[in-house]
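Colleague: Let me begin by handing over the structure; questions about it come next.
The values are calculated or read from the model by the stated rules, or taken from the named source; none is laboratory data. Everything numeric here is computed off the predicted structure, so don't read it as measured data. Cβ: placed from backbone, ideal geometry, glycine included. Neighbour counts: every protein chain shown. Note: accessible area is taken over every heavy atom of the protein model, side chains too, but ligands, DNA and RNA are not part of it. Shrake-Rupley method; radii C 1.70, N 1.55, O 1.52, S 1.80 Å.
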Amino acid sequence: MERIKVGKIVSAVGIKGEVKIYPYTDYPERFEELDSVYAGDEILEIEKVRYQKNMVIVKFKSVPDRNGAEKLKD
């Protein structure tokens, strides 16, 4: 299966496991249409998506806290 890069995780946000993603697309709402994404070889299910300026804030189901979110950076 071909993978398409839709963004880069640049940092953790808050303490609830959210990450800030720099989108590689002109259509950042794409994240709302996705059920999951790859982070390296790991598949992460998307729980919630919101926006902050030109960034996408995503909460993954399997990432419960900031420590887990920090591990996904880059």
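Colleague: Those residues that are within 19 Å of Lys71 (Cβ to Cβ) and either open to solvent by 80 Å² or more (accessible area, probe 1.4 Å) or not in a strand (DSSP E or B) (or both), I need them from the range 24-40; list them, please.
Modeller: Here is the first cut: in the range 24-40, the ones within 19 Å of Lys71 (Cβ to Cβ) are 36-40.
Scanning the range 24-40 gives Tyr38, Gly40.
Colleague: Of the numbered conditions (1) modelled with pLDDT under 95; (2) open to solvent by less than 70 Å² (accessible area, probe 1.4 Å); (3) farther than 13 Å from Val6 by Cα, Glu18 fails exactly one; give the number of that condition.
Modeller: (1)
Colleague: One residue is enough: does the range 56-67 have a residue meeting the conditions part of a helix (DSSP H, G or I) and under 19 Å from Lys16 (Cα atoms)? Step through it out loud before you land on a result.
Modeller: Going residue by residue through the range 56-67, those that are part of a helix (DSSP H, G or I) are 66-67.
Subsequent filtering for residues that are under 19 Å from Lys16 (Cα atoms) retains 66-67.
Yes: the range 56-67 contains one or more residues that are part of a helix (DSSP H, G or I) and under 19 Å from Lys16 (Cα atoms).
Colleague: Is it the case, given these coordinates, that Ile4 is in contact with a helix residue (DSSP H, G or I) (Cβ under 9 Å, 6 or more places away or on another chain), in a loop (DSSP other than H, G, I, E, B) and open to solvent by 50 Å² or more (accessible area, probe 1.4 Å)? It would help to see each step written out before you state the result.
Modeller: Values: in contact with a helix residue (DSSP H, G or I) (Cβ under 9 Å, 6 or more places away or on another chain): no; in a loop (DSSP other than H, G, I, E, B): yes; open to solvent by 50 Å² or more (accessible area, probe 1.4 Å): yes.
In short, no.
Colleague: In the range 46-70, what residues are open to solvent by 100 Å² or more (accessible area, probe 1.4 Å) and either of a type in the set (Val, Ile, Thr) or modelled with pLDDT of 95 or more (or both)?
Modeller: Within the range 46-70, Glu47, Lys48, Lys61, Asn67 qualify.
Colleague: Among the listed residues Ile43, Ile15, Ile21, identify the single one that is at negative phi, assigned to a strand (DSSP E or B) and more than 10 Å from the chain's Cα centre (by Cα). Don't jump to the end; show me each part of the working.
Modeller: Working: Ile15 fails: assigned to a strand (DSSP E or B); Ile21 fails: more than 10 Å from the chain's Cα centre (by Cα).
Within the list Ile43, Ile15, Ile21, the selection yields Ile43.
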